[in-house]
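Encoded as structure tokens, the structure appears first; notes follow it.
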There are 2 protein chains.
Amino acid sequence: MKRNSRLSSTLHILVHMAEKPEHALTSEQLATFIHTNPVVVRRTIAGLRDAGIVTSSRGHGGGWLLGRAPENISLAEIGAALGETLLPFSTEPESPGCLVEQAVIAVLDDFRIAAEKLLAEKLSRITLADLTADFRRRYDLIGVSSHAV
Amino acid sequence: MKRNSRLSSTLHILVHMAEKPEHALTSEQLATFIHTNPVVVRRTIAGLRDAGIVTSSRGHGGGWLLGRAPENISLAEIGAALGETLLPFSTEPESPGCLVEQAVIAVLDDFRIAAEKLLAEKLSRITLADLTADFRRRYDLIGVSSHAV
DNA sequence: CGAAATCGTAACTAATTAAGTTACATGAAA
DNA sequence: TTTCATGTAACTTAATTAGTTACGATTTCG
């Protein structure tokens, strides 16, 4: 799993889980989907469990299941549960008392607040169901073209 | 200079330059503003020079000047010149041929394109002049309160 | 009950990235 | 021609994150 791909890797995993709603998938299986190992998977999606997006169960036959219907799981929620920051730049003061810095941070934070609100709104309108639908469309297309050839 | 603070550090530097439009500031001086060293400054703002946002001159009396009026320098341009990415998540394929991954990346890239456009528009409406105005407002306020006390 | 399967998590290692530093060549001004 | 500056390469250090190992806790199955 590459750096900064926690969101896309997690979505990948979740689509697989959505495609097998009745069947718990183990960390081991999920790990192979995103070419990493089980511990990284558990660590990465631990926050999703806390948010109720997925559930996990231990022991024989255990593993991971979606916590609710894909229609009710938005990308905004997933991103938040991963602790992903939408905007990457820092506005931590480094020279307390410097008025120039204060002005810069004030303007940048205003922008950040507005931008994060905007992005969160956009992301809350995309659900896991949209992703599975896109996947199935692609899957059907491949099926058709295979027949055609 | 902390991680991820390249944008705010650069803005800090640029406001100082805007406040001394006739006087070239050296990398050394700029470095002290943001608590780093001259080489880091040169490296960081090299892209701004290429974009015409600042100019640099060597030798005695040399240093850095704004390339144009603060009103004509937008945060969008500055961010672009720094090579800063607005959205931090990666959508590099890691499993070429996997339809699930393709669906995830497609949706995520659609979002990214729309989001980046939106953010760039917002940032293009904020100029360096807005920052210097904010700084001066703060400066005047301190002056007033100093008198009052 | 005991064995096997599975998650939860701590602790450590490795890889990656970005900042910091040193060094020196280039160019401009006094 | 000396001094002051940038430009840039090369190296070192620090911080972050992924990967790994290990093991305890929990659950199911025989």
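For the rotational copy relationship between B and A, the axis lies nearest to a chain B beta carbon, identified with its distance in whole angstrom as B:P88, 2. In this assembly of identical copies, the label point of A:G67 (Cα plus 7 Å along Cα-to-Cβ) is separated from its counterparts by 4.9 nm, sorted shortest first.
The C-alpha atoms of chain A define a longest principal axis, and helix A:99-124 lies at about 20 degrees to it.
Global dimensions of chain A from alpha-carbon coordinates: Rg and Dmax equal 19.4, 70 Å. Legend: Rg and Dmax of the protein assembly as shown, from Cα coordinates, 24.2, 85 Å.
Karplus-derived 3J(HN,Hα) values for region A:74-82, using 6.51 cos²θ - 1.76 cosθ + 1.60 with θ = phi - 60°, are 9, 5, 4, 5, 4, x, 5, 5, 7 Hz; glycine and proline are entered as x. Based on alpha-carbon centroids, what's the gap between region B:18-64 and region B:113-144 in Å, whole number please? Rounded to whole Å, the Cα centres lie 21 Å apart. Treating r as the C-beta distance of A:H23 and A:I142 and R0 as 22 Å, the FRET efficiency rounds to 0.45. Only helical runs count toward this figure. For chain B, summing -39,500 (n - 2.57) over DSSP H runs of n ≥ 4 and dividing by all residues gives -19500 deg cm²/dmol at 222 nm. Filter A:K20/A:K122; A:K20/A:K117; A:K117/B:K20; A:K2/B:K117; A:K20/B:K122; A:K20/B:K117 down to the pairs with a C-alpha to C-alpha distance above 30 Å, please. Result: A:K20/A:K117; A:K117/B:K20; A:K20/B:K122; A:K20/B:K117 exceed 30 Å. Distances between copies of A:Q102, taken at a point 7 Å out from Cα along the Cα→Cβ vector and listed shortest first: 5.6 nm. Peptide B:50-62 shows a mean partner chain C-beta count of 0 within 10 Å per residue C-beta. Counting Lys and Arg as +1 and Asp and Glu as -1 over every other residue whose Cβ lies under 12 Å from the Cβ of B:E84, the net charge comes to -1.
Once you average over the residues of B:118-129, how many Cβ atoms of partner chains fall within 10 Å of each Cβ?
2
How are the C-alpha pair distances of region A:34-111 spread across 5 Å bins, as whole percents from the shortest bin up? The percentages, shortest bin first, are 3, 12, 16, 15, 13, 9, 9, 9, 7, 5, 2, 1, 0. Electrostatic tally near A:N4: other residues with Cβ closer than 13 Å to its Cβ, Lys and Arg +1, Asp and Glu -1, net +1.
For region A:80-122, the Kirkwood radius over C-alpha pairs fed into Stokes-Einstein at 20 °C and 1.002 mPa s yields D = 184 µm² per second.
None of the figures in this text is laboratory data; all of them are computed from the coordinates on show. Because the structure is predicted, anything quoted here is derived from the model rather than measured. Note that each Cβ is placed from the backbone with ideal geometry, even for glycine, and that neighbours are counted across all protein chains shown.
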